[in-house]
Amino acid sequence: MCSVGRNKTKTRRDFPFPYHAEIELEITTLTNRGVGLGRVELASDQQSATSDQPANQESEIENPKSTWVVMVPFSLPGERVRARVFRNQKNFSEADLIEVLTPSPDRVTPRCPLFGECGGCQYQHLNYDAQLVWKRQQVEELLEHMAGLTHPVNPVIGSPEKFGYRSKITPHFNLPRDGDDASAQPIGFLRQGTRNHIIDVPECLIATDAINAHLPQIRSEVRANLAAGAYKKGATLLLRHATEGVVTSHDAIIHEQVGALKLHFLARDFFQNNPFILPAFTGYARDQAAATGARYMVDAYCGSGLFALSCASAFEKVRGIEISETSVQFATENAAANGLTNATFQAGDAAAIFAGLETDLPPADTVVLIDPPRKGCDESFLSQLFEYGPRAVVYVSCDPATQMRDLVHFKAAGYRLTAVQPFDLFPQTRHLECVVTLVKS
């Protein structure tokens, strides 16, 4: 099965299992990291030893004295598995999957021969309907445990394409070591469970067909350059599928179309990488923002204008704010190209992101849409947002864990949660987007 070789660490913990001990256990759930979780019964001497173990302040895991949590990647709820322990953390253990003794009815054969070795996908062994069920449950659990809120979570809106949907990939390569054959140097992604070991990926099944058709040429060029000593260090490649076809230059200007909206921006800039679900995704955000009754909208992380311009038809005025002046220029050009005269964009100072808005966009009539980086909103941004005090906020996130962490601050600032809608922009992986709507009480 999916077993990843690992070395002993110098500070290895031997409690409660020796290194490479093989155990059998039932898997009961999936974590939001896409990992199977089960519990094993501890012997009486192990139970007494748990009281001597320091608490893990970074984990939500709770261990009754009689049981111990074990994390097993690529296992599924309802399965009985054999696993090999490779690390004991403060209050749980990590193990490699050795054998599935009793498979889940939701288990399917992964399409990719590298699944379990490549770290890019976590769920190819789980049928797609079940992926959506578990992702919804994970959002629900994060909402309760991290935000302290109980609120209905809508069923996850799935991607129209389950494979071949990703319009951007970034394979990596390192320089060959002395004596290595440059023509066989791995070009791909990180091996599952490692931080710097690259596995060779000649084809990525979640990438678009156009990217996979272009990949052999790029790999051949890189290896030829490696053999010629053209690189001083390893690098990350870019393959981006846009209207122009597959682009590999980070500085190329590319075009995307989302419904009737046409956008252009730099190939290296952030843009959602599943074009098949984007019309539904942006349409939902627009509808939620408009349903708050606001007359104006502010897009506080606007980039090249995807959300601001998608929502412009529903508001009298839309203002996009972005720290990157280059992105502001593209957003302004995109508004003009789409004939949207009510959307304007400005470069914002991170220390005063909402400065001057009150004069023409009164907070009581304004909804703010935010789509922050994976790390969520920092305290400075949230303080400025709450000081501005819009009537509502539509919060789009690519990491529900940091989103739910931020909801604690929204609740303290007097905002009430009205809707939670996950979107599966990343089938076969643990990742998803989640849109929550908050209204000022």
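Of the peptides 258-266, 189-197, the ranking by mean beta-carbon count within 10 Å, highest at the top, reads 258-266, 189-197.
Judged by the ratio a/c of the largest to the smallest principal axis of the C-alpha gyration tensor, the chain counts as oblate, that ratio being 1.5 or greater while a/b is no larger than b/c. Highest mean first, the peptides 129-139, 355-365 sorted by other C-beta atoms within 10 Å per residue fall in the order 129-139, 355-365. Projecting label points 7 angstrom from Cα along Cα→Cβ for Ala224 and Asp378 puts them 4.4 nm apart. Placing unit charges on each Cβ (+1 for Lys and Arg, -1 for Asp and Glu) gives the chain a dipole about its Cα centre, and among Ala213, Gln137, Gly148 the Cα reaching farthest toward its positive end belongs to Ala213.
In square angstrom, what is the accessible area per residue of the stretch 207-248 with a 1.4 angstrom probe? Walk me through the intermediate numbers first.
Details: 2170 Å² over 42 residues.
Roughly 52 Å² per residue, with all protein chains present.
Solvent exposure of the stretch 287-371, expressed per residue, is 39 Å² of accessible area, with all protein chains present and a 1.4 angstrom probe. The angle separating the long axis of helix 209-227 from the principal Cα axis of greatest extent in the chain is about 70 degrees.
For the chain, the share of DSSP beta bridges that are antiparallel, to the nearest 5, is 70%.
For the chain, what is the charge dipole size about the Cα centre, in debye to the nearest 20, if Lys and Arg each add +1 at the Cβ and Asp and Glu each add -1 at the Cβ? It would help to have the intermediate numbers written out before the result.
Working: 42 positive and 50 negative charges, 119 e Å.
With Lys and Arg at +1 and Asp and Glu at -1, about 580 debye.
Where does helix 278-291 land angle-wise versus the long Cα axis of the chain, in degrees 0 to 90, nearest 10? So the inclination is approximately 60 degrees.
For Ala184 and Glu22, what does the FRET efficiency come to when R0 = 25 Å and r is the distance between their Cβ atoms, rounded to the nearest 0.05? Working from the Cβ atoms, E equals 0.15.
The values are calculated or read from the model by the stated rules, or taken from the named source; none is laboratory data. No experiment lies behind these values; they were computed from the predicted model shown. Positions of Cβ are backbone-derived with ideal geometry, glycine not excepted, and every protein chain shown enters the neighbour counts. Side chains are part of the model used for accessible areas, which takes the heavy atoms of the whole protein and leaves out ligands, DNA and RNA. Shrake-Rupley method; radii C 1.70, N 1.55, O 1.52, S 1.80 Å.
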